[in-house]
1. Filter the stretch 41-91 for residues that are farther than 21 Å from residue 103 by Cα and more than 15 Å from ligand 2 (Cβ to nearest atom); which is modelled with the highest pLDDT?
2. How many residues are surrounded by fewer than 22 Cβ atoms within 10 Å (Cβ to Cβ) and either at pLDDT below 95 or in contact with a strand residue (DSSP E or B) (Cβ under 6 Å, 6 or more places away or on another chain) (or both) if we restrict to the stretch 158-176?
3. Determine which member of the set 260, 229, 221 is assigned to a strand (DSSP E or B) and either out of contact with any strand residue (DSSP E or B) (no Cβ under 8 Å at 6 or more places or on another chain) or farther than 16 Å from residue 146 by Cβ (or both).
4. Just to verify a result, which residue in the stretch 45-57, among those that are crowded, with 20+ Cβ neighbours inside 10 Å and outside any helix (DSSP H, G or I), is nearest to ligand 1 (Cβ to nearest atom)?
5. Identify the single condition in (1) touching a helix residue (DSSP H, G or I) at 6+ places or on another chain (Cβ under 6 Å); (2) farther than 19 Å from residue 138 by Cα; (3) touching a residue at least 40 places away in the same chain (Cβ under 8 Å) that residue 183 does not satisfy, given that it satisfies every other one.
Ligand SMILES: [Zn+2]
Ligand SMILES: [Zn+2]
């Protein structure tokens, strides 16, 4: 059985705009480009969340891309393949996908969202995240009874980092994706260690930094056992964070599949 509170009517983003609070916010904060913050005047631009100049610079991930990590590959390859980055590695997630590259305006929008407390950008970024569910390998999650088998789990932040930032960016995105897809939102991973910033570390250092950093919440096994998990993060870079989360999801909560979905690929 699914919990109706966590499965509001599926289908589109219209309900987000119908809320009176959002209507009020639109009056106070008129729609602006998610990247350069220029005011959007055309309703078509408002739907795309970016001004025409920034929208033209968004880079989609196109085929062919790595079957495991989603890294795009220049060339005419058509069969599934493993990229050189993944060749010697083993990931505990099944595969990772993003519809966009983390460059230019999208990178800027993610940066504003995460580090400049532009929480309102979550809707624009969740729409870019949602673009990734069109992947043919996710066809099962669009079945009418998918909410019984699939759920959406964010990569957790340590409570101290969440207090510093004011919110967990992955949880904000995951909650909106859950609403748009009608799948249950399960914020059931915990980050038990306050790790140093990952940005300057290479993959080996990242893995050492993250070892034992994640654990399941108390209700995790009950809700995640045997389920297919969409694991949500903002950007996929080396895959070490999502690999560690996937290891916990599979080994401790016995999730069936873990598929990493991110707004962008670094
Ligand atoms: Zn712009
Ligand atoms: Zn790869």
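The values are calculated or read from the model by the stated rules, or taken from the named source; none is laboratory data. What you are looking at is a predicted structure, and each value in this text was computed from that prediction instead of being measured. Backbone-built Cβ (ideal geometry, glycine too); neighbour counts: all protein chains shown.
1. 41
2. Counting residues in the stretch 158-176 that are surrounded by fewer than 22 Cβ atoms within 10 Å (Cβ to Cβ) and either at pLDDT below 95 or in contact with a strand residue (DSSP E or B) (Cβ under 6 Å, 6 or more places away or on another chain) (or both) gives 11.
3. Checking each option against the conditions leaves just 260.
4. Only one residue tops the list, namely 51.
5. So residue 183 meets the others, but not (2).
A quick yes/no check of all residues on (1) touching a residue at least 12 places away in the same chain (Cβ under 8 Å); (2) under 24 Å from residue 186 (Cα atoms):
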{"position": "61", "(1), (2)": "yes, no"}
{"position": "66", "(1), (2)": "yes, no"}
{"position": "75", "(1), (2)": "no, no"}
{"position": "82", "(1), (2)": "yes, no"}
{"position": "86", "(1), (2)": "yes, no"}
{"position": "121", "(1), (2)": "yes, yes"}
{"position": "125", "(1), (2)": "yes, yes"}
{"position": "133", "(1), (2)": "yes, yes"}
{"position": "154", "(1), (2)": "yes, yes"}
